[in-house]
1. Condition check: closer than 22 Å to residue 9 by Cα, at pLDDT 90 or above and over 14 Å from the mean Cα position of the chain (by Cα). Does residue 137 satisfy that?
2. How about the stretch 61-112: which of its residues are surrounded by fewer than 16 Cβ atoms within 10 Å (Cβ to Cβ), assigned to a helix (DSSP H, G or I) and either modelled with pLDDT under 95 or out of contact with any strand residue (DSSP E or B) (no Cβ under 9 Å at 6 or more places or on another chain) (or both)?
3. Of all the residues that make up the stretch 113-128, how many are crowded, with 18+ Cβ neighbours inside 10 Å and not in a helix (DSSP H, G or I)?
4. For the structure I just gave you, tell me whether residue 13 is in the same structural domain as residue 80 (by TED's automatic domain parsing) and assigned to a helix (DSSP H, G or I).
5. Can you tell me which residue is surrounded by the most Cβ atoms within 10 Å (Cβ to Cβ) among those in the stretch 163-219 that are over 22 Å from the mean Cα position of the chain (by Cα), touching a residue at least 12 places away in the same chain (Cβ under 8 Å) and not in a helix (DSSP H, G or I)?
6. Scan (1) in a loop (DSSP other than H, G, I, E, B); (2) at negative phi for the single condition residue 131 breaks and write down its number.
7. Do we have residue 35 as out of contact with any strand residue (DSSP E or B) (no Cβ under 6 Å at 6 or more places or on another chain), without any contact (Cβ under 8 Å) to a residue 24 or more places away in the chain and assigned to a helix (DSSP H, G or I) here?
8. Kindly indicate whether residue 28 is more than 21 Å from residue 86 (Cα to Cα) and without any contact (Cβ under 8 Å) to a residue 12 or more places away in the chain.
């Protein structure tokens, strides 16, 4: 199916969304070797406000002068408007969602992506949201070859890559990892530690949903390889911290 865009960043005018847009612009300007060869990626910035999106396009042009910001398109979509979300999802091959807290705003976006067969990634660190998305949309996503991948950010990637490194190192030594623990040290400056409001809000909601998370984990059936056809990873991938037993399963796949 032909799509208008390769990547849409939803929630682009927020704190994380804007940083994502700037980072992607730098990668495109550098012709990063990880990017596909050929025609440039078609990228759109999505959100509720046309004025704020236009301002972000201008900011990208100012801060990344090597990138032609005129190549960026703008898409208007709102989590309270299901039709706008479906239209946004249908327009792109991959959707990067930076609109949180995901407990409040994330599910309609996942639902739209699964319905429109669009790959979805986010930066959530909210365990209950991830459990719920796997439970409610995992089977349909797998059936249609749609990837729904959470925690594509600081909350998970360093720990997950550490698990991969440790497991592979032990495998080369003919050993099998049965458990991996990860540790994090934060070093603050003279003003101490600060966090963006949405991050704080997500943490509060996460603590508030602890009972629901425990219930969801107890109700979850043992993970199976639910991939279909030629793509065994076509499923909801519930990324977590480095101690997640699923990390080894996905590595083996």
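1. When the stated conditions are applied, residue 137 passes them.
2. 61, 62, 63, 70, 71, 82, 83, 104
3. Matching residues across the stretch 113-128 total 10.
4. No; evaluated as a whole, the condition is false for this residue.
5. 180
6. Condition (1) is where residue 131 drops out.
7. Judged against the criteria, residue 35 is not a match.
8. No, not satisfied.
The values are calculated or read from the model by the stated rules, or taken from the named source; none is laboratory data. Values in this document were obtained by computation on a predicted structure and should not be read as measured data. Counting neighbours? That spans all protein chains shown, and the Cβs are built from the backbone with ideal geometry, glycine included.
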